[in-house]
Every structure is written in C-alpha cells, then in structure tokens.
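In what follows, a structure is listed as structure tokens, so that the remarks can point back to it.
Bear in mind these aren't lab numbers, they're just calculated from the coordinates by the rules spelled out. Predicted model only: the values in this text are computed from it and were never measured. A quick note on method: Cβ atoms are made from the backbone with ideal geometry, for glycine too, and the neighbour counts reach across all protein chains shown.
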Amino acid sequence: MSAAILNIADECMRREGLRVMKRIGLKIAILAIVASAVPAWAGESGSASIRNCTWCHGTSGQGYMVAPRLAGQRPQYIAEQLRSLREHTRDNPFSRQYMWGAVAALGPREARDLAIYFAALHPKAANDGNRDLADRGRTIYLEGIPEANIVSCYACHGPNAEGVRGIPRLGGLAYFYLKGRLEQWGEGYHSERDSPMPMVATHLGPDEIEALASYLSFVK
Ligand code: HEC
Ligand code: HEC
C-alpha cells in the first residue's frame with residue numbers, strides 16, 4: 001500500500017510539476033487526493049465504486065480473464081479509454097459486451113478519480129506468453145521490420161513499454177489481451193479517432209502479433 005501511495009504522489013508530482021515538494025508536502029497531497037476522491041465514489045450515482053471495476057478487472061486491478069490489467073496504466077490513457085467506451089468509439093467485441101454497460105453512468109470526474117486510483121497501483125507482469133518467441137518480439141518492438149512496413153513500437157510506447165502521457169503501458173499486459181487488440185485493429189475496430197494503431201496493426205501478420213504479445217507479457 002505504501003508503494004501505491006508513493007506512486008500516487010509521484011504521478012501527482014509529475015502531472016503538476018511540483019518537483020520541489022518535500023515528504024511532508026507529499027503526505028498532505030495524498031490526503032487531498034483521497035479526500036477529494038471519496039465523495040465521488042460514494043456519490044449519488046454510486047456506480048463508480050472501485051469494487052464495480054475490480055469485480056471484473058481482478059484484485060488490485062491486476063486483470064482477470066478477458067478484463068485487462070489496469071494497475072500501473074497511464075492515468076490519461078485510462079481516462080481517455082473510459083470516454084471512448086462511454087461514447088462507443090471503442091467498439092471491439094469485449095468492449096461492447098462488458099464495458100459499454102459498466103461505464104454508462106460514469107461521469108468525467110468519477111472516471112478521472114478511478115484513472116488516478118488504478119494508475120497508482122503497482123503492476124505485475126502477466127508472464128503468460130510464449131518464451132520462445134520473446135526475443136523475436138523484442139527485436140520487432142525495438143526496431144520494427146522496415147522492409148515489411150512495420151514500425152518500431154519503442155518510439156511511442158517507450159524503451160521498456162512503460163508508456164508516456166496518453167500512450168499506454170504495454171509491458172506485462174496479458175498475452176491474449178494484447179493479441180486480441182492487435183488483431184482487432186487489423187480487422188477494422190477502432191478505439192480512438194486519430195489513433196495510429198489501426199495503421200500500425202494493419203501491417204502486422206499473425207507471427208509478428210504472437211511474438212510481440214509474448215515479449216510484452218514478460219516485460220516488468
Ligand atoms: C463486466 C466486467 C467489467 C466491468 C464491471 C468493468 N470492466 Fe473494464 N473491461 C472489461 C473487459 C472485458 C475489457 C476489455 C475490452 C477489450 O477487450 O477491448 C475492459 C477494458 C477496460 C479498459 C481498457 C483498458 C485498456 O488497457 O485499454 C478500461 C480503462 C477499463 N476497462 C476500466 C474499467 C473501470 C474503471 C471499471 C469500473 C467503473 C470497469 N472497467 C468495469 C470488463 C469489465
Ligand atoms: C505513433 C505512435 C505509436 C506507435 C509507433 C505504436 N503505438 Fe501502440 N498506441 C499508440 C497510442 C496513441 C495508443 C492509444 C490509442 C488507442 O488505443 O487507439 C496505442 C495503443 C496500443 C495498444 C493498446 C493497449 C491497451 O491497453 O489496450 C497496444 C496493444 C499497442 N498500442 C501496441 C503497439 C505495438 C505492438 C506497436 C509496434 C508494432 C505500437 N503499438 C506502435 C501509439 C503508438
């Protein structure tokens with residue numbers, strides 16, 4: 001829990017640029033976050049309690065079955081996806097089936113509070129890909145395959161697949177989730193209007209998708 005709290009503070013500092021804040025100030029900031037978050041979760045709509053999410057997304061948001069890990073995900077990305085899911089822009093099958101209903105009554109403030117909460121939880125790697133494909137996946141991740149028009153992922157998702165600002169962390173997400181997302185963009189499903197991902201994914205074949213999803217599932 002203390003690690004989670006430090007992560008909240010860390011994220012908070014990065015977001016607000018309050019780099020000079022000392023430890024004592026952090027504690028106050030943490031209390032402020034907790035205090036401002038509670039009324040929203042206990043608010044009248046009552047739909048946004050953490051348990052409504054962890055019921056599917058697993059204990060501490062670590063992911064469960066088809067619901068992806070939320071722990072450690074970029075807060076801007078989580079908030080943006082919640083908006084896309086609410087507006088039905090993100091229209092792939094599991095999103096329709098599970099998430100459209102789950103966020104139907106979620107206001108922007110609750111969405112933001114939940115995004116900050118889940119982003120601050122420590123992520124654990126799923127480690128469920130094919131180990132034999134991980135090296136190849138790593139090479140594609142870092143270098144792309146220029147002759148096949150496959151771009152490197154590294155430039156946008158970061159050297160260790162940790163994400164940056166609104167670009168999601170990929171490291172340690174579950175193999176089947178990553179594979180599904182990469183396949184679905186190639187099949188014409190979309191999540192963001194101006195997302196580069198449908199274009200990126202169109203060039204990936206089944207072998208590249210398996211290798212990338214395997215590699216990423218092991219990244220800590
Ligand atoms: C009934 C089960 C269910 C519930 C309840 C649920 N989710 Fe989900 N959620 C899913 C599934 C399944 C997906 C994966 C959709 C896909 O494959 O694209 C998902 C996807 C997401 C994503 C996209 C993650 C990513 O990496 O792109 C976010 C963010 C999310 N859920 C947040 C929440 C929050 C916050 C709540 C609580 C308000 C919640 N979910 C409640 C099942 C659920
Ligand atoms: C030009 C920048 C850019 C490049 C290059 C890029 N991505 Fe992305 N990626 C994004 C953005 C922005 C999003 C979030 C928008 C969205 O989901 O549509 C995203 C989302 C994703 C997601 C969804 C994660 C989740 O939690 O659902 C996956 C998986 C992904 N990218 C994999 C890759 C892989 C693999 C590569 C390399 C082959 C790659 N990306 C290259 C910008 C990029």
### Query
Taking R0 as 30 Å, what's the FRET efficiency between residue 52 and residue 187 from their Cβ-Cβ distance, rounded to 0.05?
0.55
### Task
Jot down the radius of gyration and Dmax of the stretch 115-218, Cα atoms only, both in angstrom.
13.1, 42
### Task
Using θ = phi - 60° and the Karplus relation 6.51 cos²θ - 1.76 cosθ + 1.60, list the HN-Hα couplings for the stretch 84-92 in order, rounded to whole Hz, with x at every Gly or Pro.
4, 5, 5, 8, 6, 5, 7, 10, 6
### Query
In terms of modelled amide H atoms, which long-range or inter-chain residues lie less than 5 Å from the amide H of residue 167?
none
### Query
Using modelled amide H (1.01 Å from N, peptide plane; none on Pro or chain starts), what sits under 5 Å from the amide H of residue 121, excluding residues fewer than 5 places away?
72
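For the stretch 84-186, what relative contact order do you get, as a whole percent, if you take Cα pairs closer than 8 Å and at least 6 residues apart?
Numbers: 70 pairs, mean separation 19.7, N = 103.
It rounds to 19 percent for the stretch 84-186.
Order 75-86, 197-208 from most to least packed using the mean count of other Cβ atoms within 10 Å.
Ranking, from highest mean packing down: 75-86, 197-208.
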